[in-house]
Amino acid sequence: MDVCETCGAQFTERPEVCPVCDDARQWVPEDGQRWTTSEALAASRDHVVRQDGAFEGVGLEPGFAIGQRALLVPHGAGRLMWDCVPKVGEIEIGELTGIAISHPHYYTGMADWASEYDCPIHLHADDREWITRDDPHIEPWDGETLDLGDGLTLIRCGGHFAGGTVLHVGDALLSGDIVQVIPDRGWVGFMYSYPNLIPLPAASVQAIARALEPYAFDTIYGAWWDRIVRRDGKAIVARSAERYVAALRGELP
Ligand SMILES: [Zn+2]
Ligand SMILES: [Zn+2]
């Protein structure tokens, strides 16, 4: 399988340039598209399985592409994998009940994980055009929320991607890149493109805040190890959205 070195997307048939990177939200390296293969990736990276806040997570060492880690969230008789990493397998993580992914930048190795654990992949249908490797385990969902049972709810926030999704469970919000955990843990960020610094319009940021309004949560887990807001998550999202929209109006903090 061909794998884009910049974003980790997989392709059964390699295009000239990775469409996920040839987009204003990503970038193609200055010296041109770089490819690797799943075999080369498997040989050069190890899995890291460790605790990240209240959840166990799975990452790669050394890091690869965007460098996100996945989280394993207790669900039924097993665990749901939240977000995904490009290399599958060879680790003891028990049963996976499913895989849910915040947005296309983290689709990466989802087809391999779903085949290995024979579980569904929950992706928001609004982002289906970004699926670079189709797979029968993919179950697109429509609308604003999806109740996965056992207190797990997927919430479509949009913003960074039209189908941008977060996972609410207990007092935690697992937010991928949709609500961004930033160095100042008293605030969060929102962007159309993080690497290229393209902000979101006010209406999109207000829509994210509105989508999260009905849910109580204290902690927020971003997409990388240790990116955790440990308290007051809900109030932090609300005031961060207000600060962002004020800044867009020219009222800098
Ligand atoms: Zn790419
Ligand atoms: Zn992203």
What helices does the chain hold that run 20 Å or longer along their axis, going by alpha-carbon atoms, with a Kyte-Doolittle average of -1.0 or more, using DSSP H for the helix calls? 233-248
Could you rank the peptides 158-171, 26-39, 239-252 by their average count of other C-beta atoms within 10 Å per residue, with the highest value first? 158-171, 239-252, 26-39
What number, in percent, do you get for the relative contact order of region 86-185 if the mean sequence gap of Cα pairs under 8 Å and at least 6 apart is divided by its residue count? 22
Output the antiparallel fraction of DSSP beta bridges having both residues in region 171-248, as a percent to the nearest 5. 60
What is the magnitude of the charge dipole of the chain about its Cα centre, with +1 placed on the Cβ of each Lys and Arg, -1 on the Cβ of each Asp and Glu, and no other charges, expressed in debye to the nearest 20? 1000
Suppose we keep just the DSSP beta bridges with both residues in the chain; what percent of those would be antiparallel, to 5? 75
Rg in Å to one decimal, and Dmax rounded to a whole Å, for region 130-204 via C-alpha atoms: 14.1, 41
With no solvent term and unit scatterers on the alpha-carbon positions of region 38-92, Debye gives log₁₀ I(q)/I(0) at q = 0.27 Å⁻¹ of -1.15
In Å, what Rg and Dmax follow from the Cα atoms of region 198-253? 12.2, 34
In the P(r) worked out for the chain, what percent of Cα pairs fall beyond 23 Å? 48
The ³J(HN,Hα) series, computed from each phi in region 42-53 with the Karplus coefficients 6.51, -1.76 and 1.60 at θ = phi - 60°, rounded to the nearest Hz and given as x for glycine or proline, is 4, 6, 9, 10, 10, 7, 10, 10, 7, 6, 9, x
Asserting the computed 222 nm helical MRE of the chain (DSSP H runs at least 4 long, -39500 (n - 2.57) per run, divided by residue count, to nearest 500) equals -5000 deg cm²/dmol
From the C-alpha gyration tensor of region 172-224, pull out the three semi-axes of the equivalent ellipsoid (sqrt of 5λ each), sorted largest to smallest, in whole Å. 18, 15, 9
What does region 1-135 give for Rg and for Dmax, in Å, if only its C-alpha atoms count? 14.4, 47
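Just so you know, all these numbers are worked out from the coordinates, no wet-lab data involved. Please read all numbers here as calculations on a predicted model, not as lab measurements. As a convention, Cβ positions derive from the backbone with ideal geometry for all residues, glycine included, and neighbour counts pool all protein chains shown.
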